[in-house]
Amino acid sequence: VLGDKGYQDVRELVGLYFGGLPTRKSIQPRKLRDFGITQNFNVVEKIPSKLDKSLVTWIFPTVDYRQIYEVHKLDLLQVILQEKINKLVREKLSLSYNPEATHIVKDNYKNSCYLKFFADTNAEGVEAVQKAFESTIKELLDTGITYEELVMAKKVAVNHTASFVNSKQFLFDFVFSFSSAEPENIVMLKSYLNCYENITQTQIQESIKTYLKLEKKSVYILQGVVE
């Protein structure tokens, strides 16, 4: 029981309203559908708008969320990517106020996690944003990351992970909800403790080469056409 209410009070209320219910069958494991992105896509949609605003999204498929050690490496990579995208797209080129580079962890389907690059810009900035994304990725493929960047990424990831693991959302969504059907969720919880300290520069570079393949990217652009 989480929150400010007294444990005994809550226990008595639960017993009063739920104690007489028949025993239910145990929750069965969720079956992940055998679905994944089998081919990349390139979609441009244009919509009438009173604002000169466009959205640019690049997507790179990564791993299944149960490949937890790979997810931890991608946690660090997303911090490094976010820093580089901020410096290039927002600070140097002024193409977007709030660009993003993040690793989205999903358990809806098999292998449904992905790296996402995103920026909102004007119509003239769409091509420039895409070139900036490409430039950032090519630089990482060519030169890798520095030790200082890795240390910085670990500090950011540790702070973020500590906050998330201690949240009610994590406990309910990842641990309590399906822990009887998916006991590996408890193992995942334990893996978040000191999960980043042994990850090396070489391993991050391997992740860059594995997942940031430009030929495997999918592109979605929503372009506002000013009336």
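Are there chymotrypsin sites (Phe, Trp or Tyr not before Pro) in the range 80-131 that DSSP marks as loop and that have at most 11 other Cβ atoms within 10 Å, and which are they?
Details: sites: Y97, Y109, Y114, F117, F118; in loops: Y97.
Here the chymotrypsin sites (Phe, Trp or Tyr not before Pro) that fit, given the DSSP loop and packing criteria, are Y97.
Filter the GluC sites (Glu not before Pro) in the range 67-111 to those in DSSP coil with at most 11 other Cβ atoms within 10 Å of their Cβ, and list the result. Write out the running numbers ahead of the final one.
Working: sites: E70, E83, E91, E100; in loops: none.
Here no loop site has a sparse enough neighbourhood.
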Under Karplus coefficients 6.51, -1.76 and 1.60, residue-wise ³J(HN,Hα) of the range 211-223 in Hz, glycine/proline x = 9, 9, 9, 4, 6, 9, 6, 10, 10, 10, 10, 10, 10
Reachable aspartates and glutamates, given that their alpha-carbon falls under 17 Å from the alpha-carbon of K87 and they are not under 8 places away in the same chain = E100, D120, E134, E139, E148, E149
Provide the FRET efficiency to the nearest 0.05 for the R11-L171 pair, computing r from the beta carbons and using R0 = 30 Å.
-> 0.95
Once amide H atoms are built 1.01 Å from N in the peptide plane, which residues 5 or more positions from S49, or in another chain, come under 5 Å H to H?
-> V225, V226, E227
Net +/- balance of residues flanking I80 in space, Cβ distance below 15 Å, scoring K and R +1, D and E -1 = 0
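Of K84/K131; K73/K131; K53/K209, which sit over 22 Å apart, Cα to Cα? Write down the numbers at each step before the final one.
Values: K84/K131 14 Å; K73/K131 25 Å; K53/K209 33 Å.
Too far apart for the 22 Å limit: K73/K131; K53/K209.
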Amide H to amide H, which residues 5 or more places from D64 or on other chains are under 5 Å from it, using H placed in the peptide plane?
-> N111
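We did not get these values from a lab; they are worked out from the coordinates using the rules stated. Being a predicted model, the structure only gives us computed values, none of them experimental. So basically every Cβ, Gly included, is an ideal-geometry build from the backbone, and we count neighbours across all protein chains shown.
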